[in-house]
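The values are calculated or read from the model by the stated rules, or taken from the named source; none is laboratory data. In this text, all values refer to a predicted model and were calculated from it rather than measured experimentally. Neighbour counts are summed over all protein chains in view; Cβ atoms, including those assigned to glycine, are modelled from backbone coordinates with ideal geometry.
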Amino acid sequence: MLELLQDPQLQRALWIALIAGPVLGLLGAIITLRGLAFFSDAISHSAMTGVGLGLILRLANDVYGPSMQAVLVVFCCVIALIMAWLLERTSLRADTVIAFSYSGATALGVILISRLKGYQSLEGVLFGEILFASDWDVWLVIGLALIVALFLALNLRGLLLCTIEENLARLAGINVRRLNYSFVVLIALVVALLLQQLGALLIGGLIVIPAAASRMVARSFRQMLCLSAGFALIAGAAGILASAQYNLPTGPSIVLANTFVLFLAMIAGQLVLKRG
């Protein structure tokens with residue numbers, strides 16, 4: 001294991017997992033409490049359409065790199081804003097809006113990608129290529145973590161009030177509409193910038209599972225935030241190390257590590273209830 005840790009690729013992957021994990025955990029705690037667990041999933045799957053459009057329109061030369069990340073940021077933010085607008089302006093339920101956005105954009109993405117030669121190479125976008133991350137990717141994740149931390153520091157009270165009751169937030173002088181739109185754009189930004197490392201099929205689970213685990217044992221909103229970030233940190237490191245040690249796919253290994261943490265949290269939660 002010590003020899004494996006000397007590998008620069010593994011070191012970069014470990015740094016990304018240790019930084020991105022808590023970011024996803026913090027966001028996931030708020031996302032699940034607000035009933036938007038599949039919102040991030042819808043954005044990540046819709047991103048496949050962004051990849052297809054970026055290549056067909058020659059906005060990016062390949063799947064990986066800054067140009068494709070820029071395309072994904074714009075596309076994911078647009079999709080997130082459209083879904084938020086539909087949730088606000090129509091009588092459709094949230095699950096309905098997310099479902100047709102999810103399936104429609106994914107279907108279009110598959111069609112676009114199928115028209116490209118060599119589209120089989122896009123497997124990395126589906127499952128992530130964290131072991132091929134560059135130094136640029138590490139710094140990008142650090143910058144993303146700082147943006148998320150700053151946003152939550154400035155808006156955590158407002159997000160909590162909106163989660164409890166939006167009218168209560170309005171009475172407290174919070175611009176609920178602006179906060180909601182800002183929050184979905186933040187989710188889109190996180191998904192777009194981590195998609196190449198964590199994969200479209202896995203990133204939703206990495207957002208939701210640590211939050212679900214923390215909810216099993218947390219006694220307060222603050223505890224849930226801290227535990228969600230902590231669980232994601234531990235599972236991210238464990239998944240990376242396990243994949244390196246046993247030559248397993250990295251992204252799925254991280255998701256399974258998070259699932260194992262969730263299983264332990266469920267047991268711990270039941271034990272606490274019995275003692276209580």
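Flag not set for ILE147, criterion: more than 24 Å from ILE56 (Cα to Cα) and in a loop (DSSP other than H, G, I, E, B).
Taken over segment 142-196, the criterion of being without any contact (Cβ under 8 Å) to a residue 60 or more places away in the chain, within 15 Å of GLY25 (Cα to Cα) and among the β-branched types (Val, Ile, Thr) is satisfied by ILE147 alone. Say we look at segment 206-223 and pick out the residues that are closer than 18 Å to LEU24 by Cβ and among the small types (Gly, Ala, Ser); which of these is farthest from the chain's Cα centre (by Cα)? Filtering segment 206-223 for residues that are closer than 18 Å to LEU24 by Cβ and among the small types (Gly, Ala, Ser), the one farthest from the chain's Cα centre (by Cα) comes out as ALA218. Within the set VAL63, VAL74, the sole residue that is farther than 23 Å from ARG215 by Cβ and touching a residue at least 40 places away in the same chain (Cβ under 8 Å) turns out to be VAL63.
Considering the conditions (1) on the phi < 0 side of the Ramachandran plot; (2) at pLDDT below 90, ARG178 is excluded by exactly one of them, (2). For segment 189-208, does any single residue satisfy the condition of being modelled with pLDDT of 90 or more and more than 22 Å from LEU81 (Cα to Cα)? No, because not a single residue in segment 189-208 is modelled with pLDDT of 90 or more and more than 22 Å from LEU81 (Cα to Cα). For GLY54, the criteria (1) without any contact (Cβ under 8 Å) to a residue 60 or more places away in the chain; (2) part of a loop (DSSP other than H, G, I, E, B) hold in every case but one, which is (2). Within segment 85-100, the set of residues being surrounded by fewer than 16 Cβ atoms within 10 Å (Cβ to Cβ) and in a helix (DSSP H, G or I) comprises TRP85, GLU88, ARG89, ALA94, ASP95, THR96, ALA99, PHE100. Scanning segment 119-135 for residues that are exposed (fewer than 12 other Cβ atoms within 10 Å of the Cβ) and modelled with pLDDT of 85 or more turns up just one, ASP135. Which residues, counting only those in segment 32-69, are small (Gly, Ala, Ser), surrounded by fewer than 16 Cβ atoms within 10 Å (Cβ to Cβ) and farther than 21 Å from SER101 by Cα? GLY65, SER67 - these are the residues of segment 32-69 that are small (Gly, Ala, Ser), surrounded by fewer than 16 Cβ atoms within 10 Å (Cβ to Cβ) and farther than 21 Å from SER101 by Cα.
Tell me whether segment 66-83 contains one or more residues that are more than 17 Å from ALA188 (Cβ to Cβ), of a type in the set (Ser, Thr, Tyr) and modelled with pLDDT of 85 or more. Checking segment 66-83: at least one residue is more than 17 Å from ALA188 (Cβ to Cβ), of a type in the set (Ser, Thr, Tyr) and modelled with pLDDT of 85 or more. Do we have any residue at all in segment 101-111 that's in a helix (DSSP H, G or I), over 30 Å from ARG34 (Cβ atoms) and at pLDDT 75 or above? Yes: segment 101-111 contains one or more residues that are in a helix (DSSP H, G or I), over 30 Å from ARG34 (Cβ atoms) and at pLDDT 75 or above.
Screening ALA188 against (1) surrounded by fewer than 23 Cβ atoms within 10 Å (Cβ to Cβ); (2) hydrophobic (A, V, I, L, M, F, W, C); (3) in contact with a helix residue (DSSP H, G or I) (Cβ under 7 Å, 6 or more places away or on another chain) leaves a single unmet condition, (1).
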